[in-house]
Amino acid sequence: MAAPLFAWPWQFLGSYKVGIYGIFLGKAIHEYCGIWQWQWQETNWWLHIFMVCVLRLLIYQLWTSYANMLFLSRNRRILKQGVDFNQIDSEWHWDNFIILQALAGALILQMTTLMEEDETLTLISQIEEVPVPVTVPVPLWNKFGFAAAAAIHVAISEPLFYFTHKCFHGNYLFTCYHHLHHSSPVPQPYTAGHGSFLEHLLMTVVIGAPVVGTFLLGHGSILLIYGYVLAFDFMRCLTHSNVEVVPHRLFDAVPFLKYVLCTPTYHNLHHAEMDTNYCLFMPIFDALGNTMNQKSWDMHRKNSLNSDNNGAAPEFVFLAHIVDFSSSMHAPFVFRSMASLPYCTRIYLLPFLPLTVMAMLVMWAKSKTFLISFYNLRNRLHQTWVVPRFGFQYFLPFAAEGINKQIEEAILRADRLGVKVISLAALNKNEALNGGGTLFVNKHPNLRVRVVHGNTLTAAVILNEIPRDVSEVFLTGATSKLGRAIALYLCRKDVRVLMLTLSMERFRKIQKEAPSECQKNLIQVTKYQAAQHCKTWIVGKWITPTQQRFAPPGAHFHQFVVPPILHFRRDCTYGNLAAMCLPEDVQGLGSCEYTMERGVVHACHAGGVVHSLEGWAHHEVGPIDVERIDLVWEAAIKHGLKPATMTTSNHRFIHN
């Protein structure tokens with residue numbers, strides 16, 4: 001059973017707690033419209049409460065976005081490990097404290113309103129009319145307000161936080177309450193709000209004392225509330241960002257600043273060695289309390305200097321691209337929580353599409369390939385880089401040269417860094433664009449980095465899903481790179497392959513590649529009606545619902561087509577895109593790859609991982625080597641990768 005005041009009172013609401021913000025907005029609208037409003041009230045406090053909440057959420061979001069913009073912050077990161085799904089899930093409701101402090105502000109507002117109403121009723125009972133407003137309007141600005149708030153912050157908030165924080169590191173309070181905050185392995189801006197209800201009750205006093213105190217002194221103002229609260233949040237985000245942004249030269253020039261400015265390194269040391277560095281924003285209180293970590297300034301100097309140096313080179317790079325406008329908001333630096341879930345279209349993000357279009361135009365004009373995510377696998381750093389192009393751009397003839405240039409520059413950069421394997425995703429290895437990567441390998445024959453399209457493992461995953469007792473399959477996209485490999489593999493297993501293609505020339509070319517005794521198993525068909533009795537469809541070219549009607553009831557659609565086909569037939573079943581689960585010992589993985597589940601990556605990504613783990617010295621570009629399908633599959637299983645969809649026991653045609 002949890003300790004008293006550990007859980008949040010609205011915890012049972014889950015994500016529906018956003019309705020509490022709606023209450024503030026509703027009250028603000030009612031007051032603005034004059035409903036339940038005393039005529040002498042001139043300040044819409046409910047609107048200010050709501051706006052402060054919105055701005056606070058925005059500050060935490062912007063800081064989190066910056067911390068996850070690895071293309072900007074990767075060399076400034078203090079802890080190098082990634083933020084995994086467990087931490088993201090535990091910090092999901094990080095904003096509870098904003099709701100709490102908004103409710104505290106609303107409570108103070110109501111108490112003040114009741115006091116004013118009592119005073120007003122007393123005056124009305126004494127005189128017949130109220131000739132002037134009773135309440136003095138709160139000014140927008142007071143020239144003494146910020147100085148008063150700063151003095152109260154130093155005199156009350158800082159020592160109060162230091163004392164209570166140190167107490168929460170005692171055995172009982174830490175075990176029952178404060179351990180939650182320290183359960184996050186990598187400090188993030190959201191970690192600042194990740195704590196128990198009791199802790200944030202005390203934090204409400206810490207942040208509220210300067211504001212309330214300044215108003216009691218008669219120097220309060222609207223801008224004071226906004227300015228102090230948002231500055232407080234800014235500093236909390238800074239210290240929890242895990243990105244060292246304070247230059248060591250600042251402390252060299254003004255040494256006293258070391259004692260009045262807490263840096264991310266300073267606070268990270270508190271999370272690493274929890275018996276030091278307890279202060280809020282001013283290390284001078286640690287100096288006075290003899291709790292300052294002696295390594296603080298040396299570590300800060302080291303981290304600041306390292307920001308000019310490149311970090312460790314990855315062993316493997318997956319070179320992805322942006323799919324469409326909606327999915328671009330699935331990036332970890334846009335919305336971390338959404339990136340940790342499989343992509344789907346979210347209606348409430350549609351208003352942000354104009355910003356996405358603007359970003360696309362800027363990237364088209366200026367951006368280069370950038371780092372978007374990373375994880376560690378068996379002490380090997382794996383990164384995902386993104387070509388700054390959207391899916392539709394790959395089908396614009398005039399854009400092909402620019403896209404190939406982006407891919408080529410990424411490959412050459414990986415070669416300079418010492419990357420061992422770079423795997424091309426989806427459209428980056430399009431046969432019409434660059435011959436499945438052949439263009440780059442031929443142009444740069446001395447590459448040390450191995451270029452991989454990963455299609456060998458993609459074919460293996462698709463073949464693994466086919467039941468072993470299947471005797472006939474219907475294959476669309478039959479003359480594509482994957483279609484060719486699947487057809488040649490299956491025909492050797494004595495499976496009849498109905499290859500849908502209008503090109504007799506391409507069909508004959510593939511048929512001649514098969515052993516002479518197996519060529520009879522490859523059959524050209526030109527219409528979907530030819531498959532009306534075949535229950536195993538392998539879809540490599542997008543098919544319409546009308547075309548799906550030719551499949552018999554109970555048919556299963558295996559697919560390697562992008563985007564996936566519509567699930568139109570209720571009497572049929574549909575497979576997912578070829579994918580594999582990463583090994584269980586993967587570390588720091590906190591984002592999903594497009595529509596894949598957590599821990600699942602596209603087969604072409606997994607193919608590059610296997611290539612890297614095996615240390616193979618060859619490039620995997622151009623046509624798929626059918627002879628290597630079994631070898632690549634066995635290597636994937638050996639290294640702990642698993643099929644993303646394990647179905648019934650009569651599946652797994654491969655090897656049988």
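Greater than 20 Å separation of Cα atoms is the criterion. Which listed pairs, Lys366/Lys405; Lys80/Lys302; Lys443/Lys512; Lys405/Lys509; Lys80/Lys166, meet it? Where the Cα-Cα span goes over 20 Å, the pairs concerned are Lys443/Lys512; Lys405/Lys509; Lys80/Lys166.
In terms of its Cα atoms, the stretch 258-322 spans 51, 22, 20 Å along the principal axes, sorted from long to short. The calculated FRET efficiency for Ile23 paired with Asn290, based on their beta-carbon distance and R0 = 56 Å, is about 0.75.
Couplings 3J(HN,Hα) for the stretch 402-418, derived from phi with the Karplus relation 6.51 cos²θ - 1.76 cosθ + 1.60 (θ = phi - 60°), are x, 5, 4, 5, 4, 5, 4, 5, 5, 5, 5, 5, 4, 5, 5, 6, x Hz, where x marks Gly and Pro. Computed about its Cα centre, the charge dipole of the chain is approximately 3000 debye, with only Lys, Arg, Asp and Glu carrying charge at their Cβ. Listed by chain and number, the lysines placed with their C-alpha closer than 17 angstrom to that of Lys295 are Lys258; residues fewer than eight positions away on the same chain are left out. Between the amide H of Phe318 and those of Gln383, Thr384, Trp385, Ser423, distances stay under 5 Å, these residues lying 5 or more places away or on another chain, with hydrogens modeled in the peptide plane.
Toward the positive end of the charge dipole of the stretch 429-543, with +1 on the Cβ of Lys and Arg and -1 on the Cβ of Asp and Glu, the farthest Cα among Leu522, Leu500, Thr479 is that of Thr479.
Normalised by residue count, the stretch 342-383 yields a Cα convex hull volume of 89 Å³ per residue. For the stretch 369-383, the residues whose backbone nitrogen is under 13 Å from a point 7 Å from the Cα of Arg416, taken along Cα to Cβ, are 369. One chain, two ends: Thr573 and Gln11. Fully extended at 0.36 nm per residue, the span grows by 198.4 nm beyond their Cα-Cα distance. Across the stretch 607-614, rounded Karplus estimates of 3J(HN,Hα) from the backbone phi angles (6.51 cos²θ - 1.76 cosθ + 1.60, θ = phi - 60°) give x, x, 4, 4, 4, 5, 5, 6 Hz, Gly and Pro being marked x. Note on the chain: dipole from Cβ charges, positive end direction compared against Ser157, Ala320, Trp8; the farthest Cα belongs to Ala320.
Scanning residues 5 or more positions from Leu522 or on other chains, those with amide H under 5 Å from its amide H are Val497, with H placed 1.01 Å from N in the peptide plane.
Take the Cα of Lys443, step 7 Å toward its Cβ, do the same at Ala3, and the gap between the two points is 6.2 nm. Close amide H pairs (under 5 Å, H built 1.01 Å from N) link Arg450 with Val421, Ile422, residues at least 5 positions away or on another chain. Working from Cα positions, state the angle (0 to 90°, nearest 10) between the long axis of helix 222-239 and the longest principal axis of the chain. Once rounded, one gets 50 degrees. A simple rule links phi to the HN-Hα coupling: the Karplus curve 6.51 cos²θ - 1.76 cosθ + 1.60 with θ = phi - 60°, which for the stretch 361-375 gives 5, 5, 5, 4, 7, 10, 6, 10, 3, 9, 7, 10, 7, 7, 8 Hz, with x for Gly and Pro.
Using alpha carbons only, what's the Rg to Rh ratio of the stretch 492-630 with Rh from Kirkwood? Taking Rg over the Kirkwood Rh, I get 1.01. With the simple model of a label 7 Å out from the Cα in the direction of the Cβ, Glu584 to Lys80 spans 2.7 nm. In units of the rule-of-thumb radius 2.2 N^0.38 Å, the chain shows an alpha carbon radius of gyration of 1.19. Only alpha carbons enter this Debye calculation for the stretch 467-523, each as an equal point scatterer, and the log10 of I(q)/I(0) it gives at q = 0.14 Å⁻¹ is -0.29. Roughly what angle does helix 296-306 make with the longest principal axis of the chain, taking Cα atoms, 0 to 90 degrees, to the nearest 10? Taking the Cα atoms of the chain, the angle to 296-306 is about 40 degrees.
Antiparallel as a % of all DSSP beta bridges within the chain, to the nearest 5?
On the way: 14 of 44 bridges.
Roughly 30 percent of the beta bridges in the chain run antiparallel, per DSSP.
Subtracting the Cα-Cα distance of Asp324 and Ser367 from their residue separation scaled by 0.36 nm leaves 13.8 nm. Quick check: the angle from helix 18-32's long axis to the longest principal axis of the chain, C-alpha only, nearest 10 degrees? Approximately 50 degrees, to the nearest ten.
Using a ≥ b ≥ c from the Cα gyration tensor of the stretch 144-279 (square roots of the eigenvalues), is it rounded, prolate or oblate, where a/c under 1.5 gives rounded and otherwise the larger of a/b and b/c decides, a/b for prolate?
Details: a/c = 1.89, a/b = 1.22, b/c = 1.55.
The shape class here is oblate.
Read the figures in this text as sums done on the coordinates, not as results from a lab. Because the structure is predicted, anything quoted here is derived from the model rather than measured. Note that each Cβ is placed from the backbone with ideal geometry, even for glycine, and that neighbours are counted across all protein chains shown.
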